[in-house]
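Written below as structure tokens is the structure these notes are about.
The values are calculated or read from the model by the stated rules, or taken from the named source; none is laboratory data. Note that the structure is predicted; figures quoted are calculated from it, not measured. FYI the Cβ positions are ideal-geometry reconstructions off the backbone, even for glycines, and counts take in every protein chain you see. Keep in mind that these areas ignore ligands, DNA and RNA; they rest on the heavy atoms of the full protein, side chains included. Shrake-Rupley method; radii C 1.70, N 1.55, O 1.52, S 1.80 Å.
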Number of protein chains: 2
Amino acid sequence: MTKSDARLARLRAKMDEEGVDLVVLGPGAHLGWLLDVHPHADERPVLAMVTKGHAGFLMPVLEAESAGRQTDLPFYEWSDDEGPKGALDRLLDDFGAGNAGSFVVDETMRADHAALVQDRLLNAKRQFCESTVGALRMRKDADEYAALKRNALQADRAMQAAWAAMKPGMTEEEVAAVARAHFVSEGAKPLFSIVGAGPNGAMPHHHTGTTVLKEGDVVVMDIGGGSEGYSSDITRMAVMGEAPEGFDEVHAIVNRAVEAAIEVARPGVKAHVLDDAARGVIAEAGYGENFLHRLGHGLGTEVHEPPWISASSETVLDEGMVFSIEPGIYLSGRFGLRLEEIVILRADGPEILSELPRDAKRIDV
Amino acid sequence: MTKSDARLARLRAKMDEEGVDLVVLGPGAHLGWLLDVHPHADERPVLAMVTKGHAGFLMPVLEAESAGRQTDLPFYEWSDDEGPKGALDRLLDDFGAGNAGSFVVDETMRADHAALVQDRLLNAKRQFCESTVGALRMRKDADEYAALKRNALQADRAMQAAWAAMKPGMTEEEVAAVARAHFVSEGAKPLFSIVGAGPNGAMPHHHTGTTVLKEGDVVVMDIGGGSEGYSSDITRMAVMGEAPEGFDEVHAIVNRAVEAAIEVARPGVKAHVLDDAARGVIAEAGYGENFLHRLGHGLGTEVHEPPWISASSETVLDEGMVFSIEPGIYLSGRFGLRLEEIVILRADGPEILSELPRDAKRIDV
């Protein structure tokens with residue numbers, strides 16, 4: 001049995017459990033994980049459809065030869081002239097899914113592509129992938145762990161390469177470019193590289209730009225790359241010379257928040273318990289208002305994927321889940337401070353993938 | 001009046017015409033065009049909402065400081081803990097849109113983000129952006145034309161740079177890298193670079209890869225870059241030495257198809273008339289089955305945007321519209337041949353933006 005066949009069988013078992021008749025995926029991470037098919041994505045709908053007894057694709061005719069090299073599943077082809085509706089009807093008829101009572105649609109799909117199916121199955125219950133494909137993707141097997149571990153070590157080295165290059169007068173973008181070049185040098189694809197110097201670091205998703213690094217700056221660096229179809233994500237802090245007033249204290253608080261989450265993370269625990277623990281440490285220190293986001297997110301073929309580790313997440317954690325623990329304290333106008341670990345949950349608690357200490361890196365100026 | 005204010009006023013006039021109470025946009029090209037706001041996009045919904053009297057954003061709290069630097073419009077912030085529904089309700093109440101009868105949703109938005117609004121306005125009529133934001137974006141003003149012309153000339157030079165480097169033994173990916181490097185050297189962002197050698201060219205969206213160019217190969221090259229917020233897109237053919245049997249004839253047919261579409265393109269003509277004219281030439285020559293896609297697509301801030309030039313398109317063409325004319329003949333197992341011009345429609349017909357002849361480039365081997 002191929003990996004795709006095995007995953008399809010697991011999906012069908014989940015569909016049974018959840019009472020789902022039809023799963024509809026667009027080009028993207030869910031489909032890549034399930035069938036290892038990566039079709040060209042544009043405004044033309046490409047839909048993978050799975051029922052108990054069938055699996056196949058709604059496929060634009062101009063993509064058929066290229067996509068056909070990636071899968072043996074049947075294609076219901078449509079041309080720009082006809083549009084996709086006729087082919088969709090033929091597919092649903094053949095699959096016996098024209099009167100599906102419950103279907104799942106890929107939440108990342110374009111709204112107009114999802115509407116094609118939704119408008120055709122108006123009386124069916126619509127869900128997104130969380131309890132089917134999403135649930136399956138959360139638990140990583142040994143091969144996936146090995147790939148994620150190799151990715152994590154690449155990110156460690158990219159961080160160190162950027163630190164080695166950093167000096168006053170460089171721009172954020174120049175620092176980010178060093179990290180990206182390091183990923184490329186190891187055959188990985190740079191996926192994102194946030195470098196936030198001084199007050200810019202107080203914006204969690206700061207647009208890395210032309211701000212020049214100067215002595216005394218606190219620098220947040222949040223980088224990730226992709227190789228072997230998996231990804232990395234790490235955040236560490238650097239200080240250009242002497243740390244500003246209050247930095248060491250805030251760093252210690254955020255580090256304790258990481259440790260508090262690690263302490264409570266066990267299989268069977270709900271995800272919000274980790275967020276509660278980390279948030280509790282930060283709130284108790286008086287910075288509750290400055291921790292602007294959830295504690296973490298899953299990581300795998302995507303940089304952000306289930307499980308979500310937030311104050312409202314009821315997801316029960318299980319062995320093999322891989323996710324970030326990344327508390328932060330954002331002091332508008334001053335600096336931001338975030339520390340991020342990627343962990344895999346083992347029977348006795350989280351194993352941290354990175355081998356880089358969480359200490360702030362002191363850059364000589 | 002700023003450009004954004006002017007576009008917002010034009011959108012509201014369109015909403016009046018079309019009887020639309022509410023327009024909902026996600027991060028992407030529609031929003032970038034309308035308000036010049038480019039928020040970080042992830043699984044957290046960011047929605048721009050426009051009514052007759054109001055405009056504002058549903059905004060994740062962690063993006064607020066960063067996005068707030070791009071706009072003065074009000075934010076309805078939500079945290080990972082609360083989720084977006086409460087903030088959405090507050091926004092709809094304030095905007096008087098809780099009982100909207102008709103709304104438009106960005107067709108490129110994630111399905112789960114669109115569902116937030118759709119599930120809240122179950123009895124309202126839902127449309128996508130085609131007749132509102134999409135209709136406005138189709139007609140380019142003089143500044144937009146100037147930016148698109150500069151982009152087109154960059155793409156011409158990137159094509160020539162790739163041709164100058166091409167030789168037997170190079171891979172498709174190496175040729176593509178030359179084109180991308182050229183865009184970068186002019187300060188543009190490489191957006192896509194399809195290089196299809198020999199039989200690979202018969203797949204319109206071939207994944208450029210490790211296939212090695214060899215003597216006698218026909219090479220399709222379809223490249224585009226982005227600068228000044230606009231984009232380019234051009235396809236030309238190259239031949240490695242002597243063209244294979246039948247190539248020159250097929251090239252002449254496709255070139256005649258381009259000319260036939262240009263000949264009929266005038267303001268007031270429906271888009272399908274262009275597709276019909278080009279397809280007619282190809283069908284008459286016996287290759288109707290081998291022209292796998294529509295004739296063209298609009299180009300602007302996006303590489304693919306309205307108007308769509310297809311056999312079923314009823315869009316009435318107008319002065320200032322910018323779109324591709326790109327017929328192709330795909331001969332599976334042999335080669336593919338596509339020629340693509342970007343044109344702006346003037347009162348007396350199309351003006352071609354590229355200054356590169358459509359002749360196949362002969363590469364000395």
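So the values come out like this:
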| item | result |
| --- | --- |
| Yes/no for B:Pro168 being away from chain A (no Cβ under 14 Å), part of a strand (DSSP E or B) and open to solvent by 10 Å² or more (accessible area, probe 1.4 Å) | no |
| Odd one out for B:Val365, checked against (1) away from every other protein chain (no Cβ under 14 Å); (2) within 24 Å of B:His206 (Cβ to Cβ); (3) at pLDDT 95 or above | (3) |
| Conditions (1) at pLDDT 95 or above; (2) exposed (fewer than 14 other Cβ atoms within 10 Å of the Cβ): number failed by B:Arg7 | (2) |
| Residues located in the stretch B:16-40, provided they are over 25 Å from B:Glu228 (Cβ atoms) and either touching a strand residue (DSSP E or B) at 6+ places or on another chain (Cβ under 6 Å) or open to solvent by less than 10 Å² (accessible area, probe 1.4 Å) (or both) | B:Gly19, B:Val20, B:Asp21, B:Leu22, B:Val23, B:Val24 |
| Residue in the stretch B:110-137 that is farthest from the other protein chains (Cβ to nearest Cβ), counting only those that are open to solvent by less than 20 Å² (accessible area, probe 1.4 Å) and closer than 23 Å to B:Lys3 by Cβ | B:Leu136 |
| Residue satisfying all of: in the stretch A:206-224; assigned to a loop (DSSP other than H, G, I, E, B) and farther than 14 Å from A:Ala176 by Cα; least open to solvent (accessible area, probe 1.4 Å) among these | A:Asp217 |
| From B:Ala87, B:Ala100, residue being more than 31 Å from the chain's Cα centre (by Cα), of a type in the set (A, V, I, L, M, F, W, C) and surrounded by 19 or more Cβ atoms within 10 Å (Cβ to Cβ) | B:Ala87 |
| Which numbered condition B:Leu92 fails, given (1) open to solvent by less than 50 Å² (accessible area, probe 1.4 Å); (2) under 25 Å from A:Arg126 (Cβ atoms); (3) within 14 Å of chain A (Cβ to nearest Cβ); (4) of a type outside the set (Lys, Arg) | (3) |
| Filtered residues of the stretch A:257-304 (kept if under 30 Å from A:Lys189 (Cα atoms) and not hydrophobic (A, V, I, L, M, F, W, C)) | A:His293, A:Arg294, A:Gly296, A:His297, A:Gly298, A:Gly300, A:Thr301, A:Glu302, A:His304 |
| Meets criteria (over 30 Å from B:Ser231 (Cα atoms), more than 9 Å from chain A (Cβ to nearest Cβ), at pLDDT 95 or above and open to solvent by 20 Å² or more (accessible area, probe 1.4 Å)) for B:Asp72 | no |
| Subset of the stretch B:46-59 that is more than 18 Å from A:Thr108 (Cα to Cα) and either within 14 Å of chain A (Cβ to nearest Cβ) or assigned to a loop (DSSP other than H, G, I, E, B) (or both) - its residue that is least open to solvent (accessible area, probe 1.4 Å) | B:Met59 |
| Which numbered condition B:Glu284 misses (of (1) more than 24 Å from the chain's Cα centre (by Cα); (2) crowded, with 16+ Cβ neighbours inside 10 Å) | (2) |
| Hits in the stretch B:313-324 - residues which are of a type in the set (Val, Ile, Thr) and more than 14 Å from chain A (Cβ to nearest Cβ) | B:Val316, B:Val322 |
| The lone exception for B:Tyr145 - which of (1) in contact with a helix residue (DSSP H, G or I) (Cβ under 8 Å, 6 or more places away or on another chain); (2) more than 10 Å from chain A (Cβ to nearest Cβ); (3) of a type in the set (Ser, Thr, Tyr) it fails | (1) |
| Residue under evaluation B:Ala179, criteria (1) away from chain A (no Cβ under 14 Å); (2) under 19 Å from B:Glu340 (Cα atoms); (3) open to solvent by 20 Å² or more (accessible area, probe 1.4 Å), criterion not met | (3) |
| Single residue of the stretch A:182-194 satisfying the filter (out of contact with any Gly (no Cβ under 7 Å at 6 or more places or on another chain) and more than 14 Å from every other protein chain (Cβ to nearest Cβ)) that is surrounded by the most Cβ atoms within 10 Å (Cβ to Cβ) | A:His182 |
| Some residue of the stretch A:325-332 being in a loop (DSSP other than H, G, I, E, B), surrounded by fewer than 23 Cβ atoms within 10 Å (Cβ to Cβ) and within 13 Å of chain B (Cβ to nearest Cβ) | yes |
| Residue match in the stretch B:233-250 (condition: closer than 20 Å to B:His304 by Cα and at pLDDT below 95) | no |
| The stretch B:95-106: number of residues that are at the interface with chain A (Cβ under 9 Å from one of its Cβ atoms) and assigned to a loop (DSSP other than H, G, I, E, B) | 1 |
| Pick from the stretch A:225-254, criterion among the polar types (S, T, N, Q) and buried (at least 19 other Cβ atoms within 10 Å of the Cβ), ranking: farthest from A:Lys140 (Cα to Cα) | A:Thr235 |
| Set B:Glu43, B:Glu65, B:Glu77: member being open to solvent by 10 Å² or more (accessible area, probe 1.4 Å), in a strand (DSSP E or B) and within 12 Å of chain A (Cβ to nearest Cβ) | B:Glu77 |
| Hits in the stretch B:292-312 (condition: more than 9 Å from chain A (Cβ to nearest Cβ), assigned to a loop (DSSP other than H, G, I, E, B) and open to solvent by less than 10 Å² (accessible area, probe 1.4 Å)) | B:Leu299, B:Gly300 |
